[in-house]
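Step one of this worksheet: look at the structure below.
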Amino acid sequence: MTNRRPYFALTLLSVTACVSAPGGLAAGSTAAPKLLVFITVDALRPDYFTRFAGQLTGGLARLEQGGAFFTNAYQDHAITETAPGHAATMSGRFPVRTGISTNRLGVEDSSSPLLEAQGLGASPFRFRGSTLTDWLTAKDPRTRVLSVSRKDRGAILPIGRSKRPVFWYALNGKFTTSAYYGAALPGWVREFNDRRVPASYAGRDWSLLLPESEYTEADSVGVESQGVRFTFPHIMPRNGDSAAAVLPELPWMDEVTLGFAMHGLHALGLGTGPQTDVLAISLSATDAIGHRYGPDSRELHDQILRLDRALGSFLDSLFKVRNAGSVIIALTADHGMTPFPAVRSFDPNDGAVSVDSRPMLREMSNSLAAAGVPGSGYRYVLGVHYGNGFQFDSGVLQLDGAALGAANINADSLVEKFRAGFLGLPGIARADRIGELARRDTVADHISRRWLHMFEDEQHGALVVTPAPFSAWAATYAMHGTPNDIDARVPIILYGPSFRAGRYSQFARVVDMAPTLASVLRVAPAEKLDGRALSNVIR
């Protein structure tokens, strides 16, 4: 019999909290905050806080020690990629309801070209529903919003469909936006771009922040950076334009993003009115460095230390110009990161493998072509597998019903052949149909639950495939994207006079952040949410 216990059964766990407010603020403050700063650190794993605890002295340490830190928190959906993770942050809803299921089906939009930059156009046209910024604006139209990131999806999706100021980094060294948001860049953005801050990093090589003896990681792991330039120091181009183009792969990208956010805060006057304003910041360097060098690398270690210092400087600057008693801060991540399979890790990844499904899928495509299914043969393009009558991306198999019908192929029988093929691959734990998952115990079976938070029926996926813990889909870099805890577990920190500081071990989800913040900010969500308010941390 299926056990359908509600989620609150998972929250009855121990809580260790202190009642003092951060910065000596009065615990009984009743005024609504004037500014919410919502920070999403791309690929920030919660274990980094403990692994590097003695060396964190800046913003990460300040938020962890002075905020309500949920140590058992998750992006509780299956495809743990940047787009669905960011869409969950301020919507309070899972991908099944936001409509943002993968990076590929995130924000790319050729009808919304970039302003003063080259590259793919972008907009939130696939996003469904509302976000916290919409609820605030409905309460008070004076609400001001700014969202910034290195990535387009990191800037766009926390805000949703509203045409508020949203900017991201282009490889020409400028912050840009798309025609969806307006016809021209505002003057303050052009002013920042004219400073050519990214070009100023030319010739500034990346060396260790601390003495080498402070790092326990080996600097000689050949799988890192695809075996090329994987040891310190990392040399920056001497040309300014070239430096701006490679900046997203380096720690200083976070500094530049935070500097742009602070410039925007001043330009727009965020936090100076009677209403609550929102500054959303997505920081992406941890993800880029984690992919390239892995979560066990010396590079990742140094990046977390630099992120900590950069956030510390940002918070110091923020609280010089805004009263700490009127500011609340939320911090989380869009996903975690899986170590390189077959490489010794801080995680228990013995036996993990890199799963290469290409030979099996190529064979299936050839077999379907021989049976008369139309198509152009097997192709593997940008991580997506295309075959005669099917497509496989991010663990999801989709069938082309028309193509299969033309050859009189029974879809159910074909799904079972695919299931057998996937389960025959080393490193694959399970392959499920959506209809089967709905009959499982979705409290105890977190894999089933997370897939159901992606899709409600088989219209979007005939089969969903999950690698074993710490195994990953074959790639030349470290991966994320699976429903496993290593990819789904993230930190959640709520900081400011509205929250009870402490460490909370209860089960929490990123979709719980928006209703919690809505409660503090005294606004009503415009629709039914998947998350619930974490009321025990609210003062």
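The values are calculated or read from the model by the stated rules, or taken from the named source; none is laboratory data. For clarity, every value in this text was computed on a predicted model and none was experimentally measured. Note that we place each Cβ from the backbone using ideal geometry, even for glycine, and neighbour counts take in every protein chain shown.
Within region 205-230, the set of residues being in a loop (DSSP other than H, G, I, E, B) and surrounded by 14 or more Cβ atoms within 10 Å (Cβ to Cβ) comprises 208, 209, 215, 217, 219, 221, 223, 230.
Residue selection: residue 185 fails the criterion of being modelled with pLDDT under 95, within 23 Å of residue 118 (Cα to Cα) and in a loop (DSSP other than H, G, I, E, B).
Report whether or not residue 509 is more than 29 Å from residue 49 (Cα to Cα) and modelled with pLDDT of 95 or more. Against the criterion (more than 29 Å from residue 49 (Cα to Cα) and modelled with pLDDT of 95 or more), residue 509 does not qualify. Each residue in region 420-440 was checked for being in a loop (DSSP other than H, G, I, E, B), at pLDDT 95 or above and loosely packed, with under 15 Cβ neighbours inside 10 Å, and 2 pass. Checked against (1) touching a His at 6+ places or on another chain (Cβ under 7 Å); (2) aliphatic (A, V, I, L, M); (3) surrounded by fewer than 20 Cβ atoms within 10 Å (Cβ to Cβ), residue 337 passes all but condition (3). Only one of (1) within 26 Å of residue 360 (Cα to Cα); (2) in contact (Cβ under 8 Å) with a residue 12 or more places away in the chain; (3) in the same structural domain as residue 387 (by TED's automatic domain parsing) is not met by residue 459, so which one is it? Residue 459 satisfies all of (1) within 26 Å of residue 360 (Cα to Cα); (2) in contact (Cβ under 8 Å) with a residue 12 or more places away in the chain; (3) in the same structural domain as residue 387 (by TED's automatic domain parsing) except (2).
Restricting 62, 93 to those that are closer than 17 Å to residue 502 by Cβ, of a type in the set (Lys, Arg) and modelled with pLDDT of 95 or more reduces the list to 62. Applying the criterion of being in contact with a Lys or Arg (Cβ under 9 Å, 6 or more places away or on another chain) and surrounded by fewer than 24 Cβ atoms within 10 Å (Cβ to Cβ) to the residues of region 471-485, the residue that is nearest to residue 338 (Cα to Cα) is 477.
Quick check: anything in region 357-372 in contact with an Asp or Glu (Cβ under 7 Å, 6 or more places away or on another chain), surrounded by 16 or more Cβ atoms within 10 Å (Cβ to Cβ) and assigned by TED's automatic domain parsing to the domain that holds residue 457? No, every residue in region 357-372 fails to be in contact with an Asp or Glu (Cβ under 7 Å, 6 or more places away or on another chain), surrounded by 16 or more Cβ atoms within 10 Å (Cβ to Cβ) and assigned by TED's automatic domain parsing to the domain that holds residue 457. Taken over region 322-355, residues that are more than 30 Å from residue 270 (Cβ to Cβ), among the hydroxyl-bearing types (Ser, Thr, Tyr) and either assigned to a helix (DSSP H, G or I) or touching a Pro at 6+ places or on another chain (Cβ under 6 Å) (or both) amount to 2. Scanning region 123-174 for residues that are touching a helix residue (DSSP H, G or I) at 6+ places or on another chain (Cβ under 7 Å), part of a helix (DSSP H, G or I) and either not aliphatic (A, V, I, L, M) or not assigned by TED's automatic domain parsing to the domain that holds residue 101 (or both) yields 135, 153, 154. Taking the listed residues 102, 82, the one that is in contact with a helix residue (DSSP H, G or I) (Cβ under 7 Å, 6 or more places away or on another chain), under 23 Å from residue 311 (Cβ atoms) and polar (S, T, N, Q) is 82, with no other qualifying. Of the candidates 490, 520, 465, the single residue that is under 14 Å from residue 88 (Cα atoms) and not in a loop (DSSP other than H, G, I, E, B) is 490. With respect to the conditions (1) without any contact (Cβ under 8 Å) to a residue 60 or more places away in the chain; (2) surrounded by fewer than 15 Cβ atoms within 10 Å (Cβ to Cβ); (3) touching a helix residue (DSSP H, G or I) at 6+ places or on another chain (Cβ under 8 Å), residue 346 falls short on a single one, namely (1). Set side by side, the residues 334, 316 differ, and just one is without any contact (Cβ under 8 Å) to a residue 12 or more places away in the chain and acidic (Asp, Glu), which is 316. Could you please tell me which pairs satisfy a Cβ distance under 8 Å, a separation of 6+ or placement on different chains, a first residue in region 268-280 that is charged (D, E, K, R), and a second residue that is in a loop (DSSP other than H, G, I, E, B)? Pairs found: 277/34; 277/143; 277/144; 277/270; 277/271.
The sole residue among 287, 254, 296 that is assigned by TED's automatic domain parsing to the domain that holds residue 90 and in contact with a strand residue (DSSP E or B) (Cβ under 6 Å, 6 or more places away or on another chain) is 254.
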